[in-house]
Amino acid sequence: MAEPLWTSDEIVAATRGKLAGKPFVATGVSIDTRTIEPGDLFVALGGVRDGHEFVEDAMAKGAAGVLASRQVFGSAVMVEDVLRAMEHLGGAARDRAPQVRRGAVTGSVGKTSVTQAIVAGLKLAGRAHSSVKSYNNHIGVPMTLARMPRDTERAVFEIGMNHAEEIRPLTRMVRPHAAVVTTVGPVHVENFPDGETGVAKAKAEVFAGLEVGGVAVLNADDRWFDLLKDEALKVGAAVRTFGHGDRCDARLIDFQGANGHAVVQARFHGKGLDFPILQTGFHWGMNSMAVLLMLEALDVDLGDSLAALGSFEPLEGRGAERTIRLPKGAFTLIDESYNANPISMASAIATLGGRAATGRKIVALTDMLELGEEGPSFHTALAEPLAAAKVDLVFCAGPLMKSLWDALPPTRRGGYAETAAELAPLVVRTAEPGDVVMVKGSNGSKAGVVAAALAALDARSGEAG
């Protein structure tokens, strides 16, 4: 049986609510009846669909009780505002576990991958807690806090944003002892009148919640480094840096990737450090530097940190590789379909360019979203790194990718379609043994449809288990 997470009395005290029905004990917290587990507290949030409409389903699936704002079936803690109550529950989880070293991760690129790599290190060091999936917004962060067991030793939280003043309240909720900004780039720029400057200022909000004596981990190669450093120093943070410069605390010297792994050569606080990782993307050289500094700030020893990086596998849709077997051979599928922006796109293309292939190097790209008025020009600009990487064929889907398609030389054009679903069969018909095929695009432009269609070609997919 799972350990108790909350008693109804504790929930009442944390949320200033009132118990309706019998007392209960919850072993988890859920906002979704599709994934709820027996013993969970079901939080009936409002939204497009009111969570109160799903209470009976939640109770039928074994929910211990409900956090609700109106009368519901079963035992419940009644509150005026369910979201605010979940925030209070998260704060109570933080306050009842003062021993926890907490970290926060934000940035325009790499938040989830860096967060999960940090988690791998925290787990080797002791009892750890973290965000699941990309639960990084005004709902995901307080829910992740509310789920934190009282005996946790270390925790890390991913914090995201679409607009200014969204990170600040979340980091003040978490109160991290260390926070990292992976990098800043033109993501969500359509929501900022001052463009990328506004994005950088919004990311710097993460330092507003740092505990006294906290650590700010910054990318010294980032064009916004000075702005971020100034904001970190304003709150008294100790700044630790990663990058290629010789003054960086974690200095990346070289990155050599091949066949599903890489060797990172670095200097960590001036001492030489070579270590293997199960990643091939060039950006993982810098990511690994950020991870090492964050784990150090969260009191994880270097041995555990390196062991974690050495065993951490690419996340689905974020660089995971798969050998797709065809009747007459196999090709390599690189699935980067979860998300894309100009920074991550350029890095993924450069990584593909550095790979050896017995066949062709092929990319299937769908629109990068939320780039504002400069969206078409960001897509057109991809022609240059594609040429530098000597990519053989480029397939494009979406109205924004049409700008790239028009800029490509005829010899590099593989095919164009208005949607990912229409593009998928074009790419499927083209893939041959020996090829390396990379699929990348924003999640909203459905790049995953193309990746799934290619994966379905695997001769093993029809085998019985």
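Numerical summary
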item	result
Matching entry among Arg168, Arg223, Arg154, Arg172 (being in contact (Cβ under 8 Å) with a residue 12 or more places away in the chain, of a type in the set (Lys, Arg) and touching a strand residue (DSSP E or B) at 6+ places or on another chain (Cβ under 6 Å))	Arg154
Test: residue in the range 192-209 that is among the aliphatic types (A, V, I, L, M), within 28 Å of Gln99 (Cβ to Cβ) and either in contact with a helix residue (DSSP H, G or I) (Cβ under 7 Å, 6 or more places away or on another chain) or part of a strand (DSSP E or B) (or both)	yes
Condition broken by Gln256, with the remaining ones in (1) under 30 Å from Met438 (Cα atoms); (2) open to solvent by 30 Å² or more (accessible area, probe 1.4 Å); (3) modelled with pLDDT of 95 or more; (4) in a strand (DSSP E or B) satisfied	(3)
Residues (within 30 Å of Arg322 (Cβ to Cβ) and either part of a strand (DSSP E or B) or touching a Phe, Trp or Tyr at 6+ places or on another chain (Cβ under 9 Å) (or both)) located in the range 288-304	Ser288, Met289, Ala290, Val291, Leu292
Residues located in the range 285-331, provided they are open to solvent by 30 Å² or more (accessible area, probe 1.4 Å) and of a type in the set (Ser, Thr, Tyr)	Ser311, Thr323
Ile343 vs. criteria closer than 25 Å to Val263 by Cα and open to solvent by 50 Å² or more (accessible area, probe 1.4 Å)	yes
Flag for Ala389 being in contact with an Asp or Glu (Cβ under 8 Å, 6 or more places away or on another chain), among the hydrophobic types (A, V, I, L, M, F, W, C) and open to solvent by less than 30 Å² (accessible area, probe 1.4 Å)	no
Residue within the range 374-385 that is in contact with a Leu (Cβ under 8 Å, 6 or more places away or on another chain), β-branched (Val, Ile, Thr) and open to solvent by 10 Å² or more (accessible area, probe 1.4 Å) present	yes
Per-region count, the range 76-98, residues assigned to a loop (DSSP other than H, G, I, E, B), open to solvent by less than 20 Å² (accessible area, probe 1.4 Å) and either closer than 12 Å to Ala14 by Cα or of a type in the set (Ser, Thr, Tyr) (or both)	1
Contacts under 6 angstrom Cβ, first residue in the range 116-129 being of a type in the set (Lys, Arg), partner open to solvent by less than 30 Å² (accessible area, probe 1.4 Å), 6 or more apart	Arg127/Thr152
Every pair of residues 6+ apart whose Cβ atoms lie under 8 Å, when the first sits in the range 56-76 and is among the polar types (S, T, N, Q) while the second is crowded, with 24+ Cβ neighbours inside 10 Å and part of a helix (DSSP H, G or I)	Ser69/Val82
Test: residue in the range 433-450 that is more than 23 Å from Asn339 (Cβ to Cβ), open to solvent by less than 20 Å² (accessible area, probe 1.4 Å) and either of a type outside the set (D, E, K, R) or free of Cβ contacts under 8 Å to residues at least 12 places away in the same chain (or both)	yes
Residue list for the range 406-423, filter: assigned to a helix (DSSP H, G or I), under 21 Å from Ala381 (Cβ atoms) and open to solvent by 60 Å² or more (accessible area, probe 1.4 Å)	Asp406, Pro410, Thr411
Residue that is in a strand (DSSP E or B), in contact with a strand residue (DSSP E or B) (Cβ under 8 Å, 6 or more places away or on another chain) and among the aliphatic types (A, V, I, L, M), where the choices are Val72, Val66, Val55, Val114	Val66
Complete set of residues in the range 263-312 that are in contact with a His (Cβ under 8 Å, 6 or more places away or on another chain) and free of Cβ contacts under 8 Å to residues at least 40 places away in the same chain	Pro276, Ile277, Leu278
Search result, residues across the range 11-24 that are surrounded by fewer than 19 Cβ atoms within 10 Å (Cβ to Cβ) and either under 20 Å from Leu83 (Cα atoms) or among the polar types (S, T, N, Q) (or both)	Val12, Ala13, Arg16, Lys18, Leu19, Ala20
Residues satisfying the stated conditions in the range 38-50, i.e. part of a loop (DSSP other than H, G, I, E, B), surrounded by 14 or more Cβ atoms within 10 Å (Cβ to Cβ) and free of Cβ contacts under 8 Å to residues at least 40 places away in the same chain	Gly39, Ala44, Asp50
Top-ranked residue in the range 25-36 [being open to solvent by 50 Å² or more (accessible area, probe 1.4 Å) and touching a residue at least 12 places away in the same chain (Cβ under 8 Å); ranked as farthest from Pro142 (Cα to Cα)]	Val25
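Yes or no, residue by residue, for (1) surrounded by 14 or more Cβ atoms within 10 Å (Cβ to Cβ); (2) under 27 Å from Asp299 (Cα atoms); (3) of a type in the set (Ser, Thr, Tyr); (4) modelled with pLDDT of 95 or more:
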residue: Glu190; (1), (2), (3), (4): yes, no, no, no
residue: Leu210; (1), (2), (3), (4): yes, yes, no, yes
residue: Asp221; (1), (2), (3), (4): yes, yes, no, yes
residue: Asp230; (1), (2), (3), (4): no, yes, no, yes
residue: Phe242; (1), (2), (3), (4): yes, yes, no, yes
residue: Arg267; (1), (2), (3), (4): yes, yes, no, yes
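Yes or no, residue by residue, for (1) under 25 Å from Asn219 (Cβ atoms); (2) touching a helix residue (DSSP H, G or I) at 6+ places or on another chain (Cβ under 8 Å); (3) at pLDDT below 95:
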position: Gly107; (1), (2), (3): yes, yes, no
position: Gly126; (1), (2), (3): no, no, no
position: Ser134; (1), (2), (3): yes, yes, yes
position: Glu153; (1), (2), (3): no, yes, no
position: Glu165; (1), (2), (3): yes, yes, no
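The values are calculated or read from the model by the stated rules, or taken from the named source; none is laboratory data. Quick caveat: nothing in here was measured; it's all calculated off a predicted structure. Cβ atoms come from the backbone with ideal geometry, glycine included; neighbour counts cover every protein chain shown. To get the accessible areas, we keep the full protein, side chains included, count just its heavy atoms, and leave off ligands, DNA and RNA. Shrake-Rupley method; radii C 1.70, N 1.55, O 1.52, S 1.80 Å.
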